[in-house]
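In what follows, a structure is listed as structure tokens, so that the remarks can point back to it.
The values are calculated or read from the model by the stated rules, or taken from the named source; none is laboratory data. Since this is a predicted model, take the numbers as computed values, not measurements. Here Cβ is always computed from backbone atoms with ideal geometry, including for glycine, and neighbour counts include all displayed protein chains.
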Ligand SMILES: Nc1ncnc2c1ncn2[C@@H]1O[C@H](COP(=O)(O)OP(=O)(O)OP(=O)(O)O)[C@@H](O)[C@H]1O
Ligand SMILES: [Mg+2]
């Protein structure tokens with residue numbers, strides 16, 4: 001198990017991405033709480049890709065090394081991009097009748113969060129990591 005890629009094209013794919021992230025985190029040794037945090041973050045990012053870009057991809061990989069267990073997830077789409085990232089990262093900002101909680105909530109659930117966006121490409125990379133005991 002080094003990486004999996006899930007195409008996000010329909011609502012059920014969000015569930016697949018969520019389950020795959022949880023499963024990889026579990027296999028790497030993350031506790032249930034971490035599995036759930038990662039799964040929740042990923043489903044928000046996948047939901048955004050579907051809602052605002054009509055779809056995208058979710059790539060989940062094992063980025064562990066000797067001393068650290070680490071799972072990295074990249075959610076990417078070819079949609080219009082995010083015009084104002086600072087606003088988009090603020091709780092309550094939405095252009096889609098949502099709560100505006102997906103992006104800031106995701107960021108708060110994981111240990112690393114990076115967002116790059118331009119018209120035609122948006123990529124959110126998140127990671128969860130724990131030192132091995
Ligand atoms: N992949 C994306 N492509 C284009 N715009 C996006 C993307 N993801 C987020 N956005 C923009 O950022 C805003 C904030 O996203 P966020 O997920 O935080 O909230 P939301 O989707 O509006 O509501 P919620 O996720 O709480 O239901 C969105 O309303 C949208 O304008
Ligand atoms: Mg959202």
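Summed over the stretch 71-94, residues that are in contact with a helix residue (DSSP H, G or I) (Cβ under 8 Å, 6 or more places away or on another chain) and either more than 10 Å from ligand 2 (Cβ to nearest atom) or not in a helix (DSSP H, G or I) (or both) total 13. Considering the stretch 99-109, and only residues there that are more than 9 Å from ligand 2 (Cβ to nearest atom) and surrounded by 15 or more Cβ atoms within 10 Å (Cβ to Cβ), the residue that is farthest from residue 41 (Cα to Cα) turns out to be 104.
When each of 43, 61 is tested for being free of Cβ contacts under 8 Å to residues at least 60 places away in the same chain, under 22 Å from residue 4 (Cα atoms) and more than 13 Å from ligand 2 (Cβ to nearest atom), the lone residue that passes is 61. In the stretch 23-46, the qualifying residues are those that are crowded, with 18+ Cβ neighbours inside 10 Å and over 14 Å from residue 75 (Cβ atoms), and the one that is nearest to ligand 1 (Cβ to nearest atom) is 37.
Selection of the stretch 95-133 for residues being within 17 Å of residue 78 (Cα to Cα) and assigned to a loop (DSSP other than H, G, I, E, B) yields 119, 120.
Every residue, every condition in (1) within 9 Å of ligand 1 (Cβ to nearest atom); (2) surrounded by 18 or more Cβ atoms within 10 Å (Cβ to Cβ); (3) within 23 Å of residue 12 (Cα to Cα), yes or no:
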| site | (1), (2), (3) |
| --- | --- |
| 48 | yes, yes, yes |
| 67 | no, no, no |
| 73 | no, yes, yes |
| 77 | yes, yes, yes |
| 82 | yes, yes, no |
| 87 | yes, no, no |
| 97 | yes, no, yes |
| 111 | no, no, no |
| 118 | no, no, no |
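Residues that are at pLDDT below 95 and surrounded by fewer than 20 Cβ atoms within 10 Å (Cβ to Cβ) occur at least once in the stretch 3-22. Against the conditions (1) out of contact with any strand residue (DSSP E or B) (no Cβ under 8 Å at 6 or more places or on another chain); (2) part of a helix (DSSP H, G or I); (3) within 21 Å of residue 120 (Cα to Cα), residue 49 satisfies every one except (1). For the stretch 68-98, a residue qualifies if it is touching a strand residue (DSSP E or B) at 6+ places or on another chain (Cβ under 9 Å), free of Cβ contacts under 8 Å to residues at least 40 places away in the same chain and closer than 18 Å to residue 41 by Cα, and the qualifying residues are 85, 88, 89. In the set (1) farther than 19 Å from residue 10 by Cα; (2) away from ligand 1 (no atom under 13 Å from the Cβ), residue 59 fails one condition alone, (1). If the condition is being under 16 Å from the mean Cα position of the chain (by Cα) and more than 15 Å from ligand 2 (Cβ to nearest atom), then the stretch 111-133 contributes 111, 112, 114, 116, 121, 123, 125, 127, 128, 129.
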